[in-house]
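Worksheet: one structure, shown below.
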Amino acid sequence: MNQIKRAQFETTTIAYTDGSPNKSTEKTTFAVTIPSLEIEEVTTLTRNSSVFTAEAKAINKAMELIYNLDDQVAELTTLDNCKSSGTKVNLYWIPSHVGIPGNEVADRLASEESNQLFPTRSNQNQLSSAEQAALFKEYLPIW
């Protein structure tokens, strides 16, 4: 079974994402790493942004990087576009801090950025409550 899963993932582009809050700096960051494409992206959000926002923006950024969606569409539109174009998007939960290399890199990048005095990337807006509710309503049953 593990060999089947490994073979399946060898022909797939895998992106690891993570969000990281830092109470002392009041910063929340997210990171995306795509090992097969040698991509590592880190972004700092506005102060006191939620981890939910960081995780959602990380997933959106990963899809932008993989599918080269340069028009800054929101998560809902991005997912709809991928679905309607026939692109299969699989989202998997993996446990944190158990030595999964790509996940460890994303965690390290997000944590390091949240500790920086000045962000290395420009701030991003927080998802509104309505956007969070829409994400849950529309896509939670699919996942």
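At-a-glance table
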read-out	value
Whole-Hz couplings from phi, Karplus 6.51/-1.76/1.60, listed for the stretch 41-58; x for Gly and Pro	10, 9, 9, 9, 8, 5, 3, 6, 5, 7, 5, 4, 4, 4, 5, 5, 5, 5
For Leu45, residues with placed amide H under 5 Å, excluding near neighbours	Thr28, Thr29, Phe30, Gln124
Ascending count of other beta-carbon atoms within 10 Å, so fewest first, for Leu117, Leu109, Leu65	Leu117, Leu65, Leu109
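Read the figures in this text as sums done on the coordinates, not as results from a lab. It should be emphasised that the depicted structure is a prediction, and the values quoted were computed from it without experimental measurement. Cβ coordinates were reconstructed from backbone atoms using ideal geometry, including for glycine residues, and neighbour counts include every protein chain displayed.
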